[in-house]
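Heads up: the structure comes next, in C-alpha cells.
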C-alpha cells in the first residue's frame, strides 16, 4: 500500500462481483485512510480495469465506484478514450468502455482468455495512462 505514494500513476485491477469491485479490493481501499489523510495520491493519474464472467456482468458498474474512491484521494481519472477504435467494434463481443479496459472471463477461467481486441485496449490504456503521467510530471503536477 505504501508503494502507491511513490508511484507516478496507479492502475487498479479488480474482478467484478455482482456488479461491483470484489470485497478484497474494497477492504484494500478502506485501509488507505493514512494516504488520504496525507494527500499522498492527490494529482496522480488513476485508472481501472476489470473482468466479468458474462458480457453483461457489470463491468461498467464495477469501474465507477473505484473511480469514486480514486476521486476521494484527489486522483486524476484516466479512462479509455474512443481514440481506441476497438471500442466501437460491432463485429465481436468484447470488453472495454470509456470507463476502462475490461474482458469477459467466463465462469471457467480456463475456457476464455482475453481476446485480441481486449488486449489491445489494455495496452492502449496503459500507454495512455503513462502519457498522462508524463505530461503531469513535466508540468510539475
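Computed quantities for the displayed model
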| item | result |
| --- | --- |
| Ellipsoid semi-axes in whole angstrom, largest first, where each is sqrt(5λ) of the Cα gyration tensor of the chain | 26, 19, 11 |
| Footprinting exposure proxy for 2, 118 (fewest neighbouring C-beta atoms within 10 Å first) | 2, 118 |
| Normalised contact order of segment 3-138, rounded percent, pairs of Cα under 8 Å and 6 or more residues apart | 25 |
| Residue order, fewest to most surrounding Cβ atoms within 10 angstrom, among 8, 108 | 108, 8 |
| Two-site label geometry, residue 119 and residue 137: point separation in nm, points 7 Å out along Cα→Cβ | 2.7 |
| Principal-axis tilt of helix 116-138 within the chain, Cα atoms, nearest 10 degrees | 20 |
| Using alpha-carbon coordinates, inclination of helix 59-72 to the longest axis of the chain, degrees | 0 |
| Distance-filtered residues of segment 118-139 - backbone nitrogen under 14 Å, label point 7 angstrom along residue 83 Cα→Cβ | 124-136 |
| Residue order, fewest to most surrounding Cβ atoms within 10 angstrom, among 63, 42 | 42, 63 |
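A short reminder: the numbers here are calculations on the coordinates, not readings from a lab. These figures come from a predicted structure and were not determined experimentally. Don't worry about glycine lacking a Cβ; one is built from the backbone with ideal geometry, like all the others, and counts go over all protein chains shown.
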